[in-house]
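Heads up: the structure comes next, in structure tokens.
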Amino acid sequence: MSVLDKINIPQDVKKLTLEEMNTLAGEIREGILTRVNAIGGHLGPDLGIVETTIAMHYVFNSPVDKFVFDVSHQVYPHKMLTGRKEGFTHPLEHSEISGYFNPEESEHDPFIIGHTSTSISLATGLAKARDLKGEKYNIIALIGDGSLSGGEAFEGFNNASVLDSNFIAIINDNEMSIAETQGGLYKNLAELRNTKGQAENNFFKIFGFEYYYVEEGNDIKAMIDILQKVKDTQKPTVIHIHTLKGKGYEPAVEDKEAYHWQLPGFMNKNENSAPIETYDTITTDYILKKHEKDNTVIAISPSTPGAYGFTKDFRNKLDKNYTDVGIAEEHAVAYASGLAKNGAKPILAVLSSFIQRTYDQLSQDLALNNSPATILVCWGAISGADATHLGIFDIPMISNIPNIVYLAPTCKEEYLKMLDWSVEQTQYPVAIRVPYGNVISTGIEDTTDYSILNKFKVEELGEKIALIGLGNFLPLAKEVKQELKKQLNINATVINPRFITGLDNELLENLKQNHSLVITLEDGVINGGFGEKISRYYGSSNMKVLNYGAEKEFTDRIPIDKLYEKYHLTKELIVNDIKNIL
């Protein structure tokens with residue numbers, strides 16, 4: 001029997017000897033590797049925090065003592081010690097357990113957490129509520145050094161430091177964010193590491209925290225000793241631990257950035273596979289060529305460069321014309337606004353799920369000032385992602401802010417033309433919803449003048465029914481057209497709107513002459529989205545409108561085909577709906 005077989009609840013960890021705990025650490029790492037190789041997920045951060053997690057459960061009493069793991073990048077070992085090991089050791093149960101903190105799975109997870117820099121604030125709220133109720137137990141927040149660059153972490157530290165009660169923050173310092181750490185804060189972390197925590201300059205002491213440093217954060221005995229020392233403390237306390245990201249799997253140690261997160265099959269993938277063109281490579285090739293001719297072009301990433309192809313080679317070639325702002329999307333938007341206002345040409349790439357963090361900056365710092373920055377919104381689409389990383393809310397959010405032009409290209413040629421127009425124009429802040437999925441290329445150069453706003457393109461002219469397919473869903477509109485021809489002998493019109501933020505009133509008005517039904521298709525949530533703008537336009541007329549897209553809900557790891565069926569996003573279901581209308 002393995003040691004892990006003995007662990008069904010956290011209290012079982014307390015029964016182990018030190019030797020057994022060290023054996024357990026190896027078995028947990030095997031489980032992490034097995035799961036990630038099977039279904040993908042975070043790898044390096046979880047491998048690096050194993051010993052600390054074992055020590056936490058040995059010393060503290062979860063769920064009475066409450067743990068809050070930042071981002072959940074480091075939550076796999078915790079899950080394996082809290083009754084969910086089968087999600088890592090049994091292939092049939094891999095997908096039953098999410099990759100993130102989830103109270104629906106276990107009482108040992110206080111929150112659903114998937115975005116970063118939140119643990120200190122969440123834990124501060126838990127601690128304050130505990131104090132108001134006169135209760136006594138430990139609150140422990142575990143946050144990675146990369147997450148410290150997020151503004152919410154600073155705000156949380158500022159508030160937590162004056163609690164005057166039990167609050168323990170473990171700073172997991174593995175000298176990395178997703179890529180290299182960026183910013184002045186990390187100079188102080190390095191100084192603290194180099195002096196074994198004795199440096200006079202101390203970020204955490206400035207806030208007022210009691211501070212401890214542990215050089216061997218991957219040593220179970222060292223972690224048990226320090227956690228026992230601070231357990232039940234009545235002072236806000238920081239434990240700064242030095243760990244090795246990727247520990248136990250040499251490729252993850254050697255290339256910490258690449259192995260932060262991995263797709264299924266990473267342990268047996270073919271490294272010599274031929275490169276293919278993607279929208280990532282199209283983007284980076286464009287930026288590099290543009291930069292060669294124009295030194296004011298600058299690329300920006302909020303700490304997720306690999307998500308959109310900003311590789312080490314790409315970053316090195318741009319050199320000073322690349323900024324990783326850290327996990328700070330809000331700053332990234334304001335920084336881009338400042339760059340654009342002073343004559344530079346910023347291109348900020350950000351995932352749809354993370355653009356949500358920037359609403360006020362998009363509105364106030366960017367749009368209100370009409371700064372001509374370019375924002376690339378990546379991974380915007382209905383998907384089978386977990387509830388914390390959905391890419392369906394960007395259209396209602398961005399398209400309803402004044403002054404911003406939000407574009408939805410449908411192919412390589414449109415994307416390049418929109419990108420170049422956006423970078424060169426000086427009138428508007430422009431966001432581009434980068435196409436999601438395999439590259440579609442027409443082979444025909446796009447000659448559209450995008451300075452003439454809100455002009456839709458009629459791809460195929462017909463009658464009776466107009467199919468408006470936004471961005472990723474233009475191919476679906478064409479499929480529906482073919483099905484309508486096949487089943488009802490109707491030759492429908494297909495329209496590529498390209499602009500998300502405005503309507504082509506002239507075209508929509510002309511449709512009234514020989515169309516009775518308009519169908520809108522968008523790869524995002526319907527509420528407040530693009531299609532509702534069309535419905536509102538036709539509201540006082542006899543034109544019927546059907547809007548298709550995602551419902552307003554948080555879905556969690558639901559297969560994409562099931563979502564498409566639920567939302568009627570198939571040609572067969574849409575045609576059946578049309579039959580009922582007709």
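The values are calculated or read from the model by the stated rules, or taken from the named source; none is laboratory data. Just so it is clear, the model here is predicted, and its values are computed rather than measured. As a convention, Cβ positions derive from the backbone with ideal geometry for all residues, glycine included, and neighbour counts pool all protein chains shown.
Does residue 314 qualify as being of a type in the set (Phe, Trp, Tyr), assigned to a loop (DSSP other than H, G, I, E, B), outside the structural domain of residue 119 (by TED's automatic domain parsing) and at pLDDT 95 or above?
Here the answer is no, as residue 314 does not meet what is asked.
Filter region 461-474 for residues that are part of a strand (DSSP E or B) and within 36 Å of the chain's Cα centre (by Cα) and give the result.
Within region 461-474, 466, 467, 468, 469 qualify.
With the structure loaded, tell me whether residue 235 is in the same structural domain as residue 258 (by TED's automatic domain parsing), closer than 28 Å to residue 137 by Cβ and out of contact with any Lys or Arg (no Cβ under 8 Å at 6 or more places or on another chain) or whether it fails that test.
Yes: the conditions hold for residue 235.
So which residues in region 18-73 are charged (D, E, K, R) and more than 17 Å from residue 169 (Cα to Cα), if there are any at all?
19, 20, 27, 29, 30, 35, 46
State the number of residues belonging to region 228-277 that are of a type in the set (A, V, I, L, M, F, W, C), at pLDDT below 95 and outside any loop (DSSP other than H, G, I, E, B).
Looking only at that region, the number is 5.
Quick one: in region 299-320, of everything that is in contact with a His (Cβ under 9 Å, 6 or more places away or on another chain) and surrounded by 22 or more Cβ atoms within 10 Å (Cβ to Cβ), which residue is nearest to residue 352 (Cα to Cα)?
Only one residue tops the list, namely 302.
With 422, 441 as the choices, which residue is in the same structural domain as residue 346 (by TED's automatic domain parsing) and small (Gly, Ala, Ser)?
From the options 422, 441, the qualifying one is 422.
Would you check if there is a residue in region 34-47 being closer than 27 Å to residue 262 by Cα, buried (at least 24 other Cβ atoms within 10 Å of the Cβ) and modelled with pLDDT of 95 or more?
Checked against the condition, which is being closer than 27 Å to residue 262 by Cα, buried (at least 24 other Cβ atoms within 10 Å of the Cβ) and modelled with pLDDT of 95 or more, region 34-47 yields at least one hit.
State all residues of region 250-275 that are within 21 Å of residue 436 (Cβ to Cβ) and free of Cβ contacts under 8 Å to residues at least 12 places away in the same chain; if no residue qualifies, say none.
The answer is 275, and nothing else.
Looking only at helices (runs of 4 or more DSSP H) that lie completely in region 1-104, which have at least 3 residues being within 20 Å of residue 119 (Cα to Cα)?
44-48, 50-59, 76-80
Filter region 23-70 for residues that are in contact with a Phe, Trp or Tyr (Cβ under 6 Å, 6 or more places away or on another chain) and charged (D, E, K, R); which is farthest from residue 87 (Cα to Cα)?
The extreme case among them is 65.
So how many residues does region 189-207 have that are in a loop (DSSP other than H, G, I, E, B) and either surrounded by 14 or more Cβ atoms within 10 Å (Cβ to Cβ) or aromatic (Phe, Trp, Tyr) (or both)?
Qualifying residue count for the region: 3.
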